[in-house]
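There's a structure below that I have some questions on.
The values are calculated or read from the model by the stated rules, or taken from the named source; none is laboratory data. Please read all numbers here as calculations on a predicted model, not as lab measurements. Positions of Cβ are generated from backbone atoms using ideal geometry, with glycine treated the same way; all protein chains shown enter the neighbour counts. Quick note on the areas: whole protein, heavy atoms, side chains included, nothing else; ligands and nucleic acids left out. Shrake-Rupley method; radii C 1.70, N 1.55, O 1.52, S 1.80 Å.
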Amino acid sequence: MTSADWPLWEVFVRSRRGLSHTHAGSLHAPDAAMALRNARDLYTRRSEGVSIWVVPSAEITASSPDEKDPFFAPAADKPYRHPTFYDIPEGVRHL
Amino acid sequence: MTTTAPDTRGCEAVFDAALAADERIEPRDWMPDAYRATLVRQMAQHAHSEIIGMQPEANWITRAPSLRRKAILMAKVQDEAGHGLYLYSAAETLGTGRDELLDKLHSGRQKYSSIFNYPTLTWADVGAIGWLVDGAAITNQVPLCRCSYGPYARAMVRICKEESFHQRQGYELLLTLSRGTEAQHAMAQDAVNRWWWPSLMMFGPPDDESAHSAQSMAWKIKRHSNDELRRRFVDICVPQAESLGLTLPDPDLRWNEESGHHDFGPIDWDEFHEVLRGNGPCNDQRIGQRRRAHEEGAWVREAAAAHARKHGGTAREAQV
Amino acid sequence: MTTTPQGAPSASAPEATAPQSGSAVPVGAALALGDDALVLSHRLGEWAGHAPVLEEEVALANIALDLLGQARVLLSLVGDEDELAYLREERAFRNVQLVEQPNGDFAHTIARQLYFSTYQELLYGRLAAGDGPFAPLARKAVKEVAYHRDHAEQWTLRLGDGTEESHRRMQTALTALWRCTGELFEPVDGLGLDTAALHEGWLALVSRTVEQAGLTLPTGPRSDGWSAGAGRQGIHTEPFGRMLAEMQHLHRSHPGASW
């Protein structure tokens with residue numbers, strides 16, 4: 001609309017060490033440095049995080065919902081990737 | 001943003017099936033245009049309410065009568081700005097930028113909750129807003145955590161979690177006043193008298209007059225009817241008022257053994273519609289301040305965008 | 001935490017609220033630091049609902065809340081926080097005049113933040129390193145204040161090197177508030193700080209940011225006479241009286257009440 005519009009950033013927060021960054025939401029900022037600070041102020045007001053990523057929303061490439069089937073369906077028929085696929089005799093431990 | 005699918009009917013079936021299975025709809029899923037429009041309208045109105053809702057309470061930050069109360073109030077008003085941001089962020093997932101939404105708010109094309117067009121005349125109003133207005137808002141919002149649109153539901157989960165302190169601080173504030181000096185007690189009662197009826201109006205018009213209700217319920221954007229939520233709210237408030245030592249300004253309010261709910265007097269819907277039309281005590285003032293803040297901040301936003309462009313930052317022209 | 005001050009508002013001088021016996025806290029210093037934080041927090045609180053962008057509503061409120069938290073700890077070291085905040089007269093406040101300056105436009109607020117938070121970070125850093133009565137607070141607060149300074153620097157850079165208008169506004173603000181900065185480096189009894197070194201460190205940090213932003217460090221007088229250099233002695237500006245009137249009126253209207 002005008003030159004004053006700030007781009008949108010997606011915010012990912014690591015809530016504590018050992019966990020991965022999780023999408024928290026988005027915000028507007030003129031640049032990456034400010035986006036980080038705004039994210040700190042907005043998404044960690046109650047000490048919800050120990051680390052933050054910000055990514056310009058426009059830079060995210062997403063799988064399209066139309067590709068849903070070819071993209072994700074093949075994974076659904078590979079039950080052998082899941083541990084519950086295998087029968088283990090009772091009493092066998094640490095497996 | 002919308003991916004136009006070749007076969008809309010097939011898409012619609014997928015959408016309907018997702019709703020039926022109580023699954024969430026996500027931003028890039030196909031959705032009926034009316035569903036999208038309803039959501040954008042509702043999320044925007046919700047976000048605007050948070051932002052405009054800062055004003056009546058911020059009105060008392062500089063006069064808060066103890067440092068403890070001042071800290072609480074500042075944190076609460078700040079939360080409201082934050083909640084506005086979460087909701088604008090949710091609305092943006094449907095491809096409508098915040099600037100466009102703010103523009104609609106500033107030009108009166110989108111509404112915010114009418115409750116904020118009433119003035120905060122005394123300190124006790126801060127308590128009444130916390131107890132009644134936030135209480136009504138929470139009654140409305142908790143079911144929204146299960147709203148069919150994923151980003152909205154997730155924003156509401158976060159908001160409800162953060163808001164749990166808002167209502168309690170209001171109640172505690174009123175309780176302190178009610179048990180305080182005579183003047184403080186009177187102040188508390190006066191505030192409850194003024195905020196009670198507008199709070200009941202927050203649930204929207206009666207079910208038989210509510211324009212969007214039925215469709216929103218079918219889409220699982222809305223989970224309960226206006227009257228149902230209003231009744232639930234009254235039932236919750238009556239014993240709470242008793243514990244406060246304050247009365248609710250309704251001579252018709254009494255327990256109905258048969259229905260298992262409280263009966264209450266008629267709501268002045270004329271007043272509701274007048275305020276909605278822009279004729280409330282503070283409509284002009286609220287929008288005026290919002291517009292002024294936005295206009296006076298334009299040079300700041302421009303400066304930061306200009307700086308980012310000069311330094312290869314990521315501020316691109318209107319990339320929202 | 002909630003206070004129950006007795007009787008009429010009489011605590012008009014800091015001396016009236018004696019520190020707990022045996023306490024080694026220097027009253028004047030606690031009031032100086034506490035009042036700085038209290039008053040600046042109040043000014044920042046005035047931005048609520050008026051900030052240039054929503055993200056900045058949240059940022060300014062964060063800073064105001066940090067400062068209010070500091071003020072409450074500091075005032076409580078030497079008396080009842082509410083009695084001290086609400087029942088002292090203007091002349092009994094010990095804050096520097098810089099923090100009571102009206103918000104002005106966003107550039108003035110940022111200039112005030114830059115000058116003050118840089119000073120406060122250096123000050124708390126020194127207090128945190130010692131073992132005096134302010135060390136525990138300073139160790140916690142220095143982290144908060146470092147963030148405040150970062151916020152001010154980020155904005156100084158963007159406004160200084162943004163548009164022509166923002167550059168002009170930022171320069172005007174730096175210049176207008178410059179005269180209030182000398183007072184920051186007057187010795188405060190009980191802190192035992194090397195104010196010359198404090199000043200040197202401050203000047204280096206502020207100059208670096210100002211230059212990086214393409215702005216010019218003002219050169220005018222910094223505490224000429226009493227007008228801009230006597231907040232610590234209880235000499236304040238006209239707007240401060242009105243600020244206090246607004247801040248205190250409700251509390252004072254109900255003597256003895258709890259809130």
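State the percentage of accessible surface on chain B attributable to carbon and sulfur atoms; use a 1.4 Å probe and exclude ligands, DNA and RNA.
51 percent
Right, another one. Would you kindly derive the ³J(HN,Hα) couplings of the range A:22-32 from the backbone phi angles with the Karplus curve 6.51 cos²θ - 1.76 cosθ + 1.60 (θ = phi - 60°), listing them in order in whole Hz, with x for Gly and Pro?
Coupling constants for the range A:22-32: 10, 4, 9, x, 9, 7, 10, 7, x, 7, 5 Hz.
With angles folded into 0 to 90 degrees, how steeply does helix B:226-244 sit against the dominant principal axis of chain B? Use alpha carbons for both and round to 10.
Once rounded, the angle reads 40 degrees.
Just going by the charge dipole of the protein assembly as shown, with Lys and Arg at +1 and Asp and Glu at -1 on Cβ, which of B:188, C:54, C:40 is farthest out on the positive end?
Most positive-ward Cα: C:40.
How big is the range B:94-160 on each of its three principal axes, counting only the C-alpha atoms and giving the largest first in Å?
If we take the Cα atoms of the range B:94-160, the spans are 41, 31, 14 Å.
Using only the alpha carbons of the range A:3-62, what is the convex hull's orientation-averaged projected area in square nanometres?
Spelled out: convex hull of the Cα atoms, projected over all directions, averaged, 4.3 nm².
Another question about this same structure. What residue among B:284, B:270, B:250 shows peak mean-square fluctuation when chain B is described by a Gaussian network model with Cα springs under 10 Å?
Of B:284, B:270, B:250, the most mobile in the Gaussian network model is B:270.
Please list, short to long, the whole-number percent of alpha-carbon pairs of the range C:171-259 in consecutive 5 angstrom bins beginning at zero.
Bins of 5 Å from zero give 3, 11, 15, 17, 15, 13, 10, 7, 5, 3, 1 percent of pairs.
For the range C:27-253, count the residues as N, evaluate 2.2 N^0.38 Å, and divide the Cα radius of gyration by that value, please.
0.96
Anyone know which of B:230, B:98, B:63 comes out most mobile in the 10 Å Cα GNM of chain B?
Per the Cα network of chain B with a 10 Å cutoff, B:63 tops the list.
Further question on the same structure: Roll a 1.4 Å probe over the protein chains and send me the accessible area per residue for chain C in Å².
36 Å²
Let me ask something else about it. Using +1 on the beta carbon of Lys and Arg, -1 on that of Asp and Glu, and nothing else charged, what's the dipole of chain C about the Cα centre, debye to 20?
160 debye
Turning to a different aspect of this structure: Using only Cα atoms, tell me the angle between helix C:164-178 and the longest principal axis of chain C; keep it within 0 to 90° and round to the nearest 10.
40 degrees
Among B:234, B:262, B:251, which residue has its Cα positioned farthest towards the positive end of the charge dipole of the range B:204-320, with +1 placed on the Cβ of Lys and Arg, -1 on the Cβ of Asp and Glu, and the dipole taken about the Cα centre?
So the residue furthest toward the plus end is B:234.
How much mean residue ellipticity at 222 nm does the protein assembly as shown get from its helices, if each DSSP H run of length 4 or more adds -39500 (n - 2.57) and you divide by all residues, to the nearest 500 deg cm²/dmol?
After summing the helix terms and dividing by the residues of the protein assembly as shown, the value is -17500 deg cm²/dmol.
Then there's this: Between residue A:60 and residue C:230, what FRET efficiency follows from the Cβ-Cβ distance if R0 is 51 Å, with the result rounded to 0.05?
Efficiency computed from Cβ-Cβ geometry: 0.35.
Jot down the per residue volume, in cubic angstrom and as a whole number, of the convex hull over the alpha-carbon atoms of the protein assembly as shown.
Normalising the Cα hull of the protein assembly as shown by residue number yields 214 Å³.
Putting +1 on Lys and Arg Cβ atoms and -1 on Asp and Glu Cβ atoms, find which of C:216, B:31, C:255 reaches farthest to the positive end of the dipole of the protein assembly as shown.
C:216
Give me the dipole magnitude in Debye, nearest 20, for the range A:3-62 about the Cα centre, with unit charges on the beta carbon: positive for Lys and Arg, negative for Asp and Glu.
Taking the Cα centre of the range A:3-62 as origin, the dipole is about 460 debye.
State, in square angstrom and to the nearest 100, the accessible area buried between chains A and B, both chains counted, probe radius 1.4 Å.
Roughly 2600 Å² of accessible surface disappears when A and B pair.
Mind pulling the per residue volume of the convex hull built on the Cα atoms of the range B:187-320? Å³ is fine.
Dividing the Cα hull volume of the range B:187-320 by its residue count gives 211 Å³.
Rounded to the nearest whole Å², what accessible area per residue is found for the range A:3-62 with the 1.4 Å probe?
Normalised by residue count, the accessible surface of the range A:3-62 is 45 Å².
Counting only protein heavy atoms and a 1.4 Å probe, tell me what percentage of the range C:27-253's accessible area is made up of carbon and sulfur.
53 percent
In debye to the nearest 20, how big a dipole does chain B give about its Cα centre with +1 on each Lys and Arg Cβ and -1 on each Asp and Glu Cβ?
1400 debye
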